[in-house]
Protein chains: 2
Amino acid sequence: MAATTQRQRAIKRLQMDGIEQALFANPLSVRWLTGIDVPGGSAENPSLLWYDEGEFTLLVENGFAAQAASFGAQKGCHVRDYLGYTIQQPIDKPGKLARLLAEVAEGGLDETDVIGIETQSLSLNLWWAVRRLLPGGYDLTPIDGWLEPLRAVKTPEEIAIIREGFRLTDIGHVAGRAAVQAGAREIDVWTAVQSAVEQAAGKRMQLGNDCIVGHRPTNNIGGPPADITIRPDDSFILDLSVIHKGYWTDSCATYYAGTPTAQQVTLHTFVEEALAYAISLIKPGTVAKEIDEKVRGFMAKGGYKVYPHHTGHGIGLTGHEAARIVPYNDEVLEAGMVIMLEPGIYFPGVTSVRLEDGLLVTETGAEILSGHDKRLP
Amino acid sequence: MAATTQRQRAIKRLQMDGIEQALFANPLSVRWLTGIDVPGGSAENPSLLWYDEGEFTLLVENGFAAQAASFGAQKGCHVRDYLGYTIQQPIDKPGKLARLLAEVAEGGLDETDVIGIETQSLSLNLWWAVRRLLPGGYDLTPIDGWLEPLRAVKTPEEIAIIREGFRLTDIGHVAGRAAVQAGAREIDVWTAVQSAVEQAAGKRMQLGNDCIVGHRPTNNIGGPPADITIRPDDSFILDLSVIHKGYWTDSCATYYAGTPTAQQVTLHTFVEEALAYAISLIKPGTVAKEIDEKVRGFMAKGGYKVYPHHTGHGIGLTGHEAARIVPYNDEVLEAGMVIMLEPGIYFPGVTSVRLEDGLLVTETGAEILSGHDKRLP
C-alpha cells in the first residue's frame, strides 16, 4: 500500500501550522504514513518516521529493512536502518536508533524554527538525540493526536484491507457459533475461533476481544475467555476483532448452547431491531452524539436498562477510534469512515445479548461490511 | 507474588548511586518491582512506578486498580489510579497519567538533587510533567538497563512461576509432535500447539516463536508458521515459548513427518550430544562466553557449520535476557539464573535440527526445567 494520500493529508496539516520538521514516534502514525506493516514504537522493535519539508525517512531495525524497502522506493520516501540482533556485542536498539536519528535529523535542523513531535510516544533518550542538534531559538509543537482525525476517513486501499479482515472475521464466527455447546468452556470456543481464523489466513493473527457466557455473575458484558463452562440454557457473547495487515475489524454475535429461552428470544429480537435502527441512522452529515442519543433512547423506550458502553466507534489501525459514537461527540460522519454499532442488553447472572455490525459510510448511507450470521438459531 | 526481594535489590542499587527519587517507565521494571502483572508501558495502558526514598507508588489506569490493590497493601507500597475508558469525555490516558504523575511526584521533589529516569521508556510528555516540578539544580541519572542484571538471578517465587510455564510448554510440545504430519501445514501445527496450551491454561496465553519445516529454502532456522505444507520426509522445528504470569519459557524440539532419513538421524543424534555437552558446562562460576566457545567448538569438531545464532540466553520477563551465551559475554553464571541452551544444524532447502532445554543454575550444577520429549520418533 503506497499511502500517498495519507502523506498528502499529513503534509497539508503540518504546512498549515508552519511545521518544517516533525518526528512521528507513535507506531500507528508510522504505520499509517508509510503504508507498511513494520513493527514500530515498541521497546522490542522501535521505529520512527522523520519528516523534513515534504520528505519522509523511516528508521527501522535492520531485520525489517527488506520489508521497508517498498516504502523507500517511493518518491520523497527514504529508509535507514540500525543494527538489531547480533551475537557480537550487546543488543542496544534504543541507543542505536538514537544515534541514527541524530544522523538523519542533523542536516534538516540547521534552519529549523518549528519542529513537531509526538510527545506521548517519543522516549526521552530519542528526544535528547534531536535536542542537542537544535539551534537555540526553535519552537517545539506537540503533534500528538493530529493524525487521528485524518485517519478517520479511509482510503480505497485501506477499505480493501478492512474488507479482507472482515472475511476472516466471518470465518471465526462460523467456528464460534458451532463451538458454543453445553459442557464446552469459554476457552474452548476461543481456541476453535482462533484456529479457524489462523488456518484460513495461513498465518498467526492478532485477535480480540470478548468471549464469555451470559451467566457471568458480575461483568457479563465482555472479557477474555476463561475456564468457565457453558450451561445448557446459556447465551454466549463472541465479540471478535481480527487485526489484518495492521487494520482492525470488529463484530459481535450472541450464540446459544441450546434452544434459546423465551426471554433470550425476546431480548435477541429487540437487539436486532435496535441494531437495524442504529444502522438506519448512518449516513454522511450525521452527528455522532445524535446517533448515540437516539439508539440509547430506543433501548429505554423498549423498557431496557441502557448499556453502559459506547453505542459504537470507528475502526482502523486501532479497535476503537474516531468517530466514537458516544454522548459528548460532535464529530460528523463522512463518506469513507468505517463505524461499528453494538447495542446490547445485560442481565448479570442470567443472560446477555449484544449484536454488532461494521459499516462503511457511503455517499448515500452505509454498506454493511461484516458478514457474520447474527440470527437466533 | 510480593516482589520484596526485587525491591530490596533495587533500593540497594539506587542508594549506592545516591539516587533519592526515580521513575521506572519500562514495563518490565514495573512488572518486576511490583510482582503484579499489570499491563504497563504500552500506549494502550500506560503504567509507571515512582520511587521516593525507599517507597514505591504504582500509577495505573483505573480499570487495573483492583488488580494492583495487593501491591498497595504491602509496606512502603502505594497505588494511585487515573481515568481510562469513559464514554463521557475523550479518552486521554497519557494526559491523565501525566497529571497524576505530577501530583504524586510533587511532594517528593522539594529537596531532590538526584533523580533516576528510565529514559528509553519514559515518553517526553511524562518527563515534562516531572521536569516542571524540579528545582533548578538537580542531577538527572539515566537508569536504563540497571535492573536487568538484578533480574538475572531469580527468586524462589519467580522460579515457581517459570516451572508452571514449562509444564504448559511441555503440553504444547505433545500436541506439536502429534500434529507434524505430511500434508499438514506449519499453521496447522501451530493452531494445534496453541489450542493445547490455552485449553490447559484455561485462558488466552501469549506464545512464541518458531514453527517451521526444515526444507524452507533460505531461512530454515526460525520464523512464524506460514501456509507451507509439510512433506513426507520433512523435519520440523518447533521452538515454543509460553508467557505465563509475565514470565517467559523457551524450548525447542525437532519433529519428523515420517521415518527420519539417515541424514536426519545423524544430525539429530549429534545435536542431542551437543546439547548434553552444553548442559554439562552449566554451573555457578562458569563464564558465559566460555560456554559459547566450547559448544561452537563441539559443532565444528563434528564437521558442521556452526549455527549463526546465540548458543543460549537467560529467560525471565523477556524471552532473551542476561546471561546471553554469546562470544563477547564475560558474565559469570550464578545459582538462581535460568539459562536456555539451543545448538542447531541447518541445511537450507533440505533439513534442519535444533534442540533446546531450559536450565536452572543450582549451587552444584544445573536442573533441567523443560520436560518436552526431544527424542527421535
Handout entry: Filter pass, A:GLN88 being at pLDDT 95 or above and either within 30 Å of B:GLY312 (Cβ to Cβ) or within 11 Å of chain B (Cβ to nearest Cβ) (or both)
Key = yes
Problem - Selection count where residues are outside any loop (DSSP other than H, G, I, E, B) and surrounded by 19 or more Cβ atoms within 10 Å (Cβ to Cβ), scope segment A:228-244 - result: 9
Exercise for the section: Go through A:ALA73, A:ALA102, A:ALA68 for me and flag whichever is over 20 Å from A:ASN125 (Cβ atoms), away from chain B (no Cβ under 14 Å) and in contact (Cβ under 8 Å) with a residue 12 or more places away in the chain. Expected result: A:ALA68
Exercise for the section: Identify, by number, the condition in (1) of a type in the set (Val, Ile, Thr); (2) within 23 Å of A:THR141 (Cβ to Cβ); (3) more than 27 Å from the chain's Cα centre (by Cα); (4) within 9 Å of another protein chain (Cβ to nearest Cβ) that A:THR119 doesn't meet. Expected result: (3)
Practice task
Return a yes/no flag: does segment B:76-98 have any residue that is part of a strand (DSSP E or B) and acidic (Asp, Glu).
Solution key: yes
Handout entry: One residue from A:ASP81, A:ASP113 being more than 14 Å from chain B (Cβ to nearest Cβ) and without any contact (Cβ under 8 Å) to a residue 24 or more places away in the chain
Key = A:ASP81
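Residue-wise test of (1) at pLDDT 95 or above; (2) hydrophobic (A, V, I, L, M, F, W, C); (3) closer than 30 Å to A:VAL193 by Cα.
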position: A:VAL242; (1), (2), (3): yes, yes, yes
position: A:TYR255; (1), (2), (3): yes, no, yes
position: A:ALA262; (1), (2), (3): yes, yes, yes
position: A:ALA278; (1), (2), (3): yes, yes, yes
position: A:VAL287; (1), (2), (3): yes, yes, no
position: A:ALA323; (1), (2), (3): yes, yes, yes
position: A:VAL332; (1), (2), (3): yes, yes, no
position: A:LEU341; (1), (2), (3): yes, yes, yes
position: A:TYR346; (1), (2), (3): yes, no, yes
Practice task
Being aromatic (Phe, Trp, Tyr) and either part of a loop (DSSP other than H, G, I, E, B) or assigned by TED's automatic domain parsing to the domain that holds A:MET337 (or both) is the filter; apply it to segment A:100-156 and report the residue that is surrounded by the fewest Cβ atoms within 10 Å (Cβ to Cβ).
Solution key: A:TYR138
Completion exercise
Considering residues that are under 30 Å from A:VAL213 (Cβ atoms), crowded, with 24+ Cβ neighbours inside 10 Å and under 19 Å from the mean Cα position of the chain (by Cα), the number found within segment A:323-354 is 6
Completion exercise
If we keep only residues of segment B:245-263 that are touching a Ser or Thr at 6+ places or on another chain (Cβ under 7 Å) and assigned to a loop (DSSP other than H, G, I, E, B), then the residue nearest to the other protein chains (Cβ to nearest Cβ) is B:ASP250
Completion exercise
(1) surrounded by 21 or more Cβ atoms within 10 Å (Cβ to Cβ); (2) within 13 Å of chain B (Cβ to nearest Cβ) all hold for A:VAL213 apart from (2)
Problem - Number of the exception - A:GLY145 against (1) within 14 Å of chain B (Cβ to nearest Cβ); (2) in contact with a helix residue (DSSP H, G or I) (Cβ under 9 Å, 6 or more places away or on another chain) - result: (2)
Handout entry: Residues being at the interface with chain A (Cβ under 10 Å from one of its Cβ atoms) and either among the acidic types (Asp, Glu) or buried (at least 21 other Cβ atoms within 10 Å of the Cβ) (or both) - total across segment B:173-191
Key = 5
Handout entry: Single match in A:VAL197, A:VAL242 (criterion: within 14 Å of chain B (Cβ to nearest Cβ), in contact (Cβ under 8 Å) with a residue 24 or more places away in the chain and in contact with a helix residue (DSSP H, G or I) (Cβ under 9 Å, 6 or more places away or on another chain))
Key = A:VAL197
Practice task
Looking at (1) at pLDDT below 90; (2) part of a strand (DSSP E or B), find the lone condition where B:GLY40 falls short.
Solution key: (2)
Practice task
Could you figure out which of (1) farther than 25 Å from A:ALA152 by Cα; (2) assigned by TED's automatic domain parsing to the domain that holds A:GLN264; (3) not in a strand (DSSP E or B) isn't true of A:LYS374?
Solution key: (2)
Completion exercise
Only one of (1) under 30 Å from A:ARG7 (Cβ atoms); (2) out of contact with any His (no Cβ under 6 Å at 6 or more places or on another chain) does not apply to A:GLY176, and that is (1)
Exercise for the section: Report whether or not B:ILE221 is under 27 Å from B:GLN264 (Cα atoms), of a type outside the set (D, E, K, R), assigned to a loop (DSSP other than H, G, I, E, B) and modelled with pLDDT of 95 or more. Expected result: yes
Problem - Selected residue (criterion: farthest from the other protein chains (Cβ to nearest Cβ)) from residues of segment B:316-352 that are among the β-branched types (Val, Ile, Thr) and assigned to a strand (DSSP E or B) - result: B:THR351
Exercise for the section: Scan segment B:129-167 for residues that are closer than 30 Å to B:LYS93 by Cα and aromatic (Phe, Trp, Tyr) and jot them down. Expected result: B:TYR138, B:TRP146
Exercise for the section: Kindly check whether there is at least one residue in segment B:260-272 that is closer than 30 Å to B:ALA335 by Cβ and either in contact with a Gly (Cβ under 9 Å, 6 or more places away or on another chain) or in contact (Cβ under 8 Å) with a residue 24 or more places away in the chain (or both). Expected result: yes
Problem - Residue check, A:ASP292 surrounded by fewer than 18 Cβ atoms within 10 Å (Cβ to Cβ) and within 14 Å of chain B (Cβ to nearest Cβ) - result: no
Practice task
Please determine, by comparing only the residues of segment B:216-227 that are in contact (Cβ under 8 Å) with a residue 40 or more places away in the chain, within 12 Å of chain A (Cβ to nearest Cβ) and surrounded by fewer than 16 Cβ atoms within 10 Å (Cβ to Cβ), which one is nearest to A:ARG204 (Cα to Cα).
Solution key: B:ASP227
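The values are calculated or read from the model by the stated rules, or taken from the named source; none is laboratory data. The structure presented is a predicted model; accordingly, all values stated were derived computationally and were not measured. Neighbour counts run over all protein chains shown; Cβ positions are idealised from the backbone, glycine included.
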